[in-house]
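Comments concern the structure below.
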Amino acid sequence: GTLGHPSRSPDSRRFLRPEIACTVPGMRISRVPPWVLALAVAMATMLAGCSAGPAPLSAARPGDAVCYASSPHAKMTYGIEDFTNHSRQTVVFDQVGLRVPLHLKVLGAYLSPRDRSAQIGALSGWPPRQLGGLTDWARRRPVRGYRLRPGATAEVILGFQLTAPSGGRSPGMLIWYHTSDGSYVLRDDLAILVARVGGACPNSPG
C-alpha cells in the first residue's frame, strides 16, 4: 500500500549548501564511470572552483530530510523531488543515483514531466503497485538522454530497496547532466531516511 506522505525527521537538520553544481569542461559524462567523474569534479572544484554563474538545473525543495517506515528488504518507489531547467539551453540527463547510500540499493530510475500531473510520492513496491490515479509513472522515460527544455520541470522517480533490518539512509541524490556548454553534477541535499516499521528514523546524514 501507500507509504504515506513523507514526514520530516525530528532530528533532521538543514544542510549547509542545498545544491552544488560544477561544470567539467570537455568531459562527456556518458563516457566515463561515475567514480572517475566524481574525482574529476573534486579536482576541478579544488583547482578552479565551481562555475561562477548559476547552474542550469536546480531542485524545487531545499536541503532537509524526509523519513519513511519500511519492513526489511522491502522495495519502495520514491518520487517527491522536482528539478527545473532555469537556463536557456536544453538540459540532457545522463545519470541519477544516491549519494553514499547506507543499506539502500537503487533498483531503477526514471524521469517524468511535471506540467499537470501530481507527484508519485512514496509508494510501496518497485515498480509501484498502487498509483492512485497519478499519471507520472505512465509518462516515465529513461534517465539517460532525457531532454528537459528551458523552463520545464521533471520529476525524478527512484526505486530502491532496504537491505538491512536496522534501516537505511542517504544524504540525497547526485544528478549528472549536460548542456551545449559542458557537463554538470548536481548534488541534491534532501536526505532520504528509512526506518524499520515501529522504529525510529536513523540520524540525518551530513
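The values are calculated or read from the model by the stated rules, or taken from the named source; none is laboratory data. Remember, predicted model here, so these are calculated numbers, not experimental data. Note that we place each Cβ from the backbone using ideal geometry, even for glycine, and neighbour counts take in every protein chain shown.
Need a quick list: strands (runs of 3 or more DSSP E) entirely within segment 21-134 having at least 3 residues that are buried (at least 17 other Cβ atoms within 10 Å of the Cβ), of a type in the set (A, V, I, L, M, F, W, C) and at pLDDT 65 or above.
Qualifying strands (runs of 3 or more DSSP E): 64-70, 75-85, 91-98, 104-113.
When you scan segment 143-191 for strands (runs of 3 or more DSSP E) that lie fully inside it, which ones turn up with 1 or more residues that are modelled with pLDDT of 90 or more, under 25 Å from L104 (Cα atoms) and among the hydroxyl-bearing types (S, T, Y)?
Counting at least 1 such residues, we get 168-170, 173-179, 182-188.
When only residues in segment 78-99 that are under 12 Å from the mean Cα position of the chain (by Cα) and β-branched (V, I, T) count, which is farthest from G145 (Cα to Cα)?
I80
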